Amino acid sequence: MPGYQSINSKMLQVPIGPGQEVYSKRGAMLAYTGPVSFAPTATAGQGIGGTLGRAVAGEHSAMMHVTGQGSVMFGHGGLHVSVVELNGADTLYAEADRLLVHDATLQVGTMFMGEQGGVRGIVRGAVTGQGLFTTTLTGHGACALLSHGGVMELPITPQRPVHVDPQAYVAHRGQVQNKLTTAVGLRDLIGRGSGEGFQLELSGSGVVYVQASERKI
């Protein structure tokens, strides 16, 4: 059975069948063919304990469990859709509201951003609005991310860290550490948006997905 197929930059077609169930953002179904069922889910494959952790953390987005035999077209708010394939070798980090759809074969988790950068990780969430917690996806399968204006993939290497406007950050994958940095003094920050005064520095080995806008979803 074929995988995720882009209809255009803002719509995605996903096949559904035995062993090919997915979880999707609630309200993202645009159309479907065949006997397909949609059921609200509080766990999205994460388990009760993980779901409670996400609820406490505030890293939660209402999801649907999609099963049956057919094909479903997904989209949300006219936002651009980008497909990411995971082969089990690394982990994808993204905010829950960025996830349009993901394979049920992927393991979903929640990570406290303070684990990457200590206090700076906490400050990163508080200042940039990206949140203190982020959703993780691991395993073999595909997912689709939402963004304003589409995304570009920037490689991260030990010799070449990447600095990103926090509002333009969408997700990252791989063995990557991130921390909040600033190149200006506190006095210079007055009157500036967080993206102008702060940047996310991502180092290590992996990829960061950056959207063509500073708008949140």
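In region 81-107, which residues are in a strand (DSSP E or B) and within 19 Å of Gly206 (Cβ to Cβ)? Steps first, answer last, please.
Keep residues of region 81-107 that are in a strand (DSSP E or B), which gives 81-87, 92-94, 99-103, 107.
Correct list: Ser82, Val83, Val84, Glu85, Leu86, Asn87, Leu92, Tyr93, Ala94, Leu99, His102, Gln107.
Is it the case, given these coordinates, that His65 is in a strand (DSSP E or B) and either at pLDDT below 95 or not charged (D, E, K, R) (or both)?
Values: in a strand (DSSP E or B): yes; either at pLDDT below 95 or not charged (D, E, K, R) (or both): yes.
Yes.
Restricting attention to region 87-97, report how many residues are more than 13 Å from the chain's Cα centre (by Cα), on the phi < 0 side of the Ramachandran plot and in contact (Cβ under 8 Å) with a residue 24 or more places away in the chain. Please lay out each step first, then the result.
First, the residues of region 87-97 that are more than 13 Å from the chain's Cα centre (by Cα): 87-90.
So of that shortlist, the ones also on the phi < 0 side of the Ramachandran plot come out as 87, 89-90.
The next check asks that each one be in contact (Cβ under 8 Å) with a residue 24 or more places away in the chain; those that pass are 87, 90.
Going through region 87-97 one residue at a time, the tally reaches 2.
Could you list, in sequence order, the residues of region 135-156 that are open to solvent by less than 50 Å² (accessible area, probe 1.4 Å) and of a type outside the set (Gly, Ala, Ser)? Please lay out each step first, then the result.
Filtering region 135-156 down to residues open to solvent by less than 50 Å² (accessible area, probe 1.4 Å) leaves 135-139, 141-151, 156.
Answer for region 135-156, where residues must be open to solvent by less than 50 Å² (accessible area, probe 1.4 Å) and of a type outside the set (Gly, Ala, Ser): Thr135, Thr136, Leu137, Thr138, Cys143, Leu145, Leu146, His148, Val151, Ile156.
Working only within region 65-85, note down all residues that are open to solvent by less than 10 Å² (accessible area, probe 1.4 Å) and of a type outside the set (Phe, Trp, Tyr). Reasoning before the result, please.
Filtering region 65-85 down to residues open to solvent by less than 10 Å² (accessible area, probe 1.4 Å) leaves 66, 72, 74-75, 84.
Once the filter is applied, which keeps residues that are open to solvent by less than 10 Å² (accessible area, probe 1.4 Å) and of a type outside the set (Phe, Trp, Tyr), region 65-85 yields Val66, Val72, Gly75, Val84.
The values are calculated or read from the model by the stated rules, or taken from the named source; none is laboratory data. Please read these numbers as outputs of a predicted model, since none were measured by experiment. A quick note on method: Cβ atoms are made from the backbone with ideal geometry, for glycine too, and the neighbour counts reach across all protein chains shown. Accessible surface is based on the protein model in full, side chains and every heavy atom, while ligands, DNA and RNA are left aside. Shrake-Rupley method; radii C 1.70, N 1.55, O 1.52, S 1.80 Å.
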